[in-house]
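Contents: one structure, followed by commentary.
The values are calculated or read from the model by the stated rules, or taken from the named source; none is laboratory data. Small disclaimer: the values here were computed from a predicted structure and weren't measured. Cβ placement follows ideal geometry from the backbone for every residue including glycine, while neighbour counts extend to all protein chains displayed.
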Amino acid sequence: MNTPAPLPTHSFLRRLLQRWGAHPEARKHPAADTDVTVLPLPPRLILPLAQHIGAPARPLVQAGQYVLRGELIAEAQGAISAPLHAPTSGTIIGIADVPVPHASGLAGPAILLETDGRDEALPAEHADPFSLEPAEIARRVAAAGVVGMGGATFPSAVKLALGQKNPIPTLILNGGECEPYLSCDDRLMRERAPEVIDGARIILRAIGGERALIGVESNKPQAIAALRAAADGIADVDIVEVPSRYPMGSEKQLISWLTGREIPAEGRSADIGVMVQNVGTAAAIHRAIRFGEPLTRRIITVAGGAIRTPRNLEVRIGTPLSTLVAFCGGTTEPVARWVMGGPMMGLSIHSLDIPVIKGSGGLLGLVEHELAALPEPGPCIRCAACVGACPIGLMPLEMAALIKNGDLKASVEIGLKDCISCGTCSFVCPSQIPLVQYFNHAKGELAAQGRNRMKQDAIKELVDARESRMEREAREKAEAAERRKAERARAKAAAAAKASAAVQTNEETTA
């Protein structure tokens, strides 16, 4: 019988539980109460080449080409990248710049696929994952284009490869889903728990792990029960109930709660022998290894006060958001804001022509009262509510004051780079100070300064190289001139000697 892992007893974690985080209204129902529905194929798919952290994929197809479901249509570029596969069969219309999910709102290159409705697929390669070497598992995950499904979209194979250098004993699967409205992971765990458990065990094999902990928030009892039933008799997988508090789904919070360890500043979880993956990523890895299925579909929550029928849909990557809204019955009142993702860390969008991508977890149509119109920010009253709420244990009020005064260096010294931009501090601030905006601005400034330094260093290297080249060329020219001068002198001397010898010979002949 699979028994739940014991809750941590560390005193600092007990204090942490009493203080950090926030409790935004969940608003996960009625979407969380509905089974996942498969969305019919749309007539056209829009497939951005950048659906992951790292270099965008390189197209391998051209207009007019017919492709099958699962066919590689764009290959990974560089060490941090992921390939792209056709989500269904159809004809490539072309490659064009289209609106894509990005904070800038700018267009990006995408492959346009006209679907044929037949959904014909390439033959898939099935495998027993536990007969494969860890390196082969990572290779197949990379070939399948699997990325972090929780929104980070980091190529999963890159993380798995870390275990080939040094085994990573502990795997944590993030089943927290602490963002309000979103319930796609909840439904995945309820309906497809065996896929999640099998994916966890495959990841353990790939990283040389010993134990998998699946952290699920306490407000998802049905998901917890389904996972425990699926893990019954499996000794190396434990399901752990974690507090229902935002942002419990953060990597650092899960690691601290489940293991009592902390990631060092500017370090990685692998540095302390832990790897964190999303439950959706584990399910995608299960399908990639067991059935040779590349990542071409995902579950996404469509919700918000304006949506007529909130629900969870399984959709093909590249489906326009407008298709999802139409399938849910459209809207019942004016939409004050469309959000891709969750309301706390999601992306405000201005067009439903944007497609679903690999990291899309939700589409929210929010009405005016859900935005909770806020008054103008007031002065900081030094209440320290933000300090108590910060899940990382930072001093948001002090960091914000330093940033306002232009002292970015000092803000870094007290933890700016450890900030995960969860927005909890802004959420609890009674003066409505947009603290997280200060931090994101400061991070952007620091990044810009870093880029400028790199640019200046590169320019300096070019200038130094040019000066060195010019000095070398001048030296070489001078040396060449000296050689020519010496050669002329030698030639002149030789000519003079020859002439002298000729005169002497002539004199001797005359005598």
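Here is how the numbers come out for the structure above:
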{"read-out": "Test: residue in segment 172-185 that is in a helix (DSSP H, G or I), touching a residue at least 24 places away in the same chain (Cβ under 8 Å), in contact with an Asp or Glu (Cβ under 6 Å, 6 or more places away or on another chain) and closer than 16 Å to ALA283 by Cα", "value": "yes"}
{"read-out": "Of the criteria (1) outside the structural domain of VAL276 (by TED's automatic domain parsing); (2) closer than 30 Å to LYS165 by Cβ, which one ARG118 fails", "value": "(2)"}
{"read-out": "Subset of segment 408-421 [at pLDDT 85 or above and surrounded by 14 or more Cβ atoms within 10 Å (Cβ to Cβ)]", "value": "LEU408, ALA410, SER411, VAL412, GLY415, LEU416, ASP418, CYS419"}
{"read-out": "Unmet criterion (only one of (1) assigned to a strand (DSSP E or B); (2) surrounded by 15 or more Cβ atoms within 10 Å (Cβ to Cβ)) for GLY342", "value": "(1)"}
{"read-out": "Lone qualifier among LEU254, LEU204 - being assigned to a helix (DSSP H, G or I) and modelled with pLDDT under 95", "value": "LEU254"}
{"read-out": "ALA400, sole failed condition from (1) assigned to a loop (DSSP other than H, G, I, E, B); (2) surrounded by 13 or more Cβ atoms within 10 Å (Cβ to Cβ); (3) at pLDDT 85 or above; (4) not β-branched (Val, Ile, Thr)", "value": "(1)"}
{"read-out": "First in segment 217-230 and within 16 Å of ALA26 (Cα to Cα), second anywhere and hydroxyl-bearing (Ser, Thr, Tyr), Cβ under 7 Å, 6 or more apart", "value": "GLU217/SER244; SER218/SER244; ASN219/SER244"}
{"read-out": "So ALA284, is it out of contact with any Ser or Thr (no Cβ under 7 Å at 6 or more places or on another chain), touching a residue at least 60 places away in the same chain (Cβ under 8 Å) and among the small types (Gly, Ala, Ser)", "value": "yes"}
{"read-out": "Residue match in segment 253-276 (condition: within 16 Å of VAL36 (Cβ to Cβ) and surrounded by fewer than 22 Cβ atoms within 10 Å (Cβ to Cβ))", "value": "no"}
{"read-out": "Candidate set: segment 431-460, residues that are in contact with a Gly (Cβ under 8 Å, 6 or more places away or on another chain) and not in a helix (DSSP H, G or I); chosen: the one nearest to LYS404 (Cα to Cα)", "value": "ILE433"}
